[in-house]
Structures are given as structure tokens and as C-alpha cells.
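The values are calculated or read from the model by the stated rules, or taken from the named source; none is laboratory data. All of these numbers come straight from a predicted model, not from anything done at the bench. Quick reminder, even Gly has a Cβ in these numbers, built from the backbone with ideal geometry, and neighbours come from all protein chains shown.
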């Protein structure tokens, strides 16, 4: 992640220079005439395009309340006629949806409509009598020793599975039950819709019929917890999950380019999604005919959003500033701090996640887990500073927020697998090089 770059005074100096130069929003053209305030980062992005590692890339970097600096290169698709990638290009952020769902949950905790350690069954009765796998080799199960809580949904410690990590008979059961809350392309989507529940309520109730991989509150395992959380939000708020996000988060924050369903008018801004096969990439989901132009089966709180670098920066800026942005407060400062703190149940440690998921690497000595994202527990060489909250998406996107030093960053690309190129470490090095110029 972003090691030491979060020396606030240095990054603020870079961004202040950018603002002074009138370059808070640099031109998205691949070869912008004006010099970038982050030349090493711009050079890195340009090299990605020159070496044909990706069609396009956009970064959004901020410190304090200075204007955000956007760095971009390339285009939103391989075609020479494709629009240049820029702050308002649209990207599939997949698991970077999870922290936004977590924000919605924390807002309801702020309002007393949800309690962090309240049983999920208070909102979804089907979760009252969960069962746990006796062995990963079969679906044989026993009654769970305790109830799943809201904390455990938010921190992937509920014992729920995930088709991207679960294996064996339980994976088969998830797929047969349609527990596939994500969209990749039209072909796979048509197949998954044959079994996927049609509503968020039906999805959550179906999840409750399947055994857990572990006793609640005893193990960190990447999961559909934030998708189930979407249903809790519906019940607790009395509002459809997607409507809650729109009316309570996106509209107040001015996030006008964040969608579960991309409107036709914005299709020309949607990047093509690619998949790497060997040493070449092929289009998986073309922007102008994307499956994301059609409504999903239901809003996926774990992997469903499409958004822009500008919009996601609004979200990270809110967290950086303790739950308020431009006079709009969504969280109390103490609740924002709680969201970005280590919320793992006692005795449970974060065991990292596959790089292909886009999540944050690390181990129990240095990384914990908050509401929907990882939390850096201690300063360590090569790691983000203590207190950094972060996550990423399966198509290569990533973000971080350092609420202590009040810095943030978002990077947008769209290809599978997310770890095809070491963007995290590359961007770290480039930003450190840029900061060194101002020492």
C-alpha cells in the first residue's frame, strides 16, 4: 500500500503546488500539454500505456481539503477511437463496493437503528438457527454455537462463504442456490440468473439455508457478508438498499456517476472490462454494450457498483475528514473512526486474501479489519502507515484513506485478474519519488 507517502506535509506541498498551478484537474488527454504536479506518477501511468499493460488508468490523490489531483493516461478501451481515460470515466469497482455498504451500515449504527453486536436474525429471521459445516469435505453440519452479529457481517467473520474463495461441496451448493452476487459479462450473467434469487430478501433468506464454514466470530474468511448486510440495511432503514445508498450517500455527496445500473446516457464513459489470458488481454465486457447497462438481479452490496475516480474520491474524502464533506455530515467523527478501526472479534486475526481479489495483502501482525476494509495496525517497512484503511476490487481498482495524516488515494483500471501487474507497489514507489522532490 502507500508506504510513508502519507507524510501529510509533503503530500500537501505537492497538492498545494498543483492547486497553485491551476492543475487540480489535469487534462485527461494521454499526452497533456501541462506538466503534471506528480511527474513520477504520471510517467508510471504513461509507461503502462506505452508497454500495453492496460488501455487506460486514472488516479485520484488528495491531502486535507486541498483540491484533488487527478493523474490519467490512455483510453477506456483498446480502440484508437475510444475516449481518453479521465476523472469521470466509469469503472467496475467490484469489492470497493463493500466499504460503501459498510458506510451505510455505520450510518444506521449512528442513528441507533442497528447495533454493532446485535444478532443479524433481528433483521433477517432466517438467520436465527444457522448451522456449521463439520468438515469442508461434506455438507454435514451441526447447530452454530452462537448467533451471527452485524460486526461479523462487516468484518468477514460470520462464517459465510464466497464463490471466489470457497471450495468443495459448499461451493457447489452456493452455485446451485444462485449465491452469486456479482456480474462479469453477459454470457456468464445469463447462466447465473437461471438460479440466482430475484430479490435481495430472497437472496439473504437462501444464504441462511446453507451451512457456515466456521463458527461465527472465530475466523476471518472473505465472504458475502456485505451482500447480506445490504438486506439488513433495507430492513433497518425501511428503504430499498439501492435507494438508501442513492438518497443518503450518493446524492448528498454529489456522487453523480455511481451506479448499480449504468444509464444509457453514460455508456460512452464506461471502460471496457478485459481479462488476461496468457500474455494477451481480450475484451470481456465492452463498455458500450456492457452487462452493467442492464439492472442486476438485485443490488449487490459486495461487488455491484460502477463509479468514477472523481466520485470515489468524494467517498474517501468523507472518511478522511471524519464523516463530513463540504458541510454534509454522514457520520459522527467517532463513528467514522470506529468504521476505520480494527473491529475483528477477540482472538480473530486477519489472514490476508488472494491478490486476485484486489484486497489488501498482509498478516495478523500488521493488518486488521474494520467495516468493509483492512486497517493497518502498526508501522512497518514496506507497509502503509498505522491507521490506514484500504481495500481494492477484483478488476484492479484500489483505494486507501489515512485519517490520521488526512491523505487518500484511488486508482482505477479494469482487467482480470487484478494482480496481473503490481500497481500497488508501483504507485507507492512513484508517489514516494514525487514526494522526494519536495523534501
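Brief remarks follow.
- Among (1) in contact with a strand residue (DSSP E or B) (Cβ under 7 Å, 6 or more places away or on another chain); (2) in a loop (DSSP other than H, G, I, E, B), the one test that residue 252 misses: (2)
- No other residue among 316, 251, 258 is under 20 Å from the mean Cα position of the chain (by Cα) and surrounded by fewer than 19 Cβ atoms within 10 Å (Cβ to Cβ) apart from 251.
- Evaluation of residue 390 against (1) crowded, with 24+ Cβ neighbours inside 10 Å; (2) over 21 Å from residue 281 (Cβ atoms); (3) over 12 Å from the mean Cα position of the chain (by Cα) (one fails), failing number: (3)
- Evaluation of residue 338 against (1) under 27 Å from residue 270 (Cα atoms); (2) surrounded by fewer than 21 Cβ atoms within 10 Å (Cβ to Cβ); (3) at pLDDT 95 or above (one fails), failing number: (1)
- Residue in segment 323-331 that is in a loop (DSSP other than H, G, I, E, B), in contact (Cβ under 8 Å) with a residue 60 or more places away in the chain and under 18 Å from the mean Cα position of the chain (by Cα) present: no
- Any hit, segment 352-365, residues being within 23 Å of residue 105 (Cα to Cα) and either touching a helix residue (DSSP H, G or I) at 6+ places or on another chain (Cβ under 6 Å) or without any contact (Cβ under 8 Å) to a residue 24 or more places away in the chain (or both): yes
- No other residue among 180, 166 is within 22 Å of the chain's Cα centre (by Cα), under 22 Å from residue 234 (Cβ atoms) and crowded, with 20+ Cβ neighbours inside 10 Å apart from 180.
- Residue list for segment 294-313, filter: within 20 Å of residue 241 (Cα to Cα) and either in contact with a strand residue (DSSP E or B) (Cβ under 8 Å, 6 or more places away or on another chain) or modelled with pLDDT under 95 (or both): 305, 306, 307, 312
- Out of 146, 151, one residue alone is under 30 Å from residue 342 (Cβ atoms) and assigned to a helix (DSSP H, G or I). It is 151.
- Residues that are farther than 17 Å from residue 314 by Cα and in a strand (DSSP E or B), drawn from segment 75-128: 75, 84, 119
- Selection count where residues are surrounded by fewer than 20 Cβ atoms within 10 Å (Cβ to Cβ) and either in contact with a helix residue (DSSP H, G or I) (Cβ under 8 Å, 6 or more places away or on another chain) or under 20 Å from residue 218 (Cα atoms) (or both), scope segment 109-143: 23
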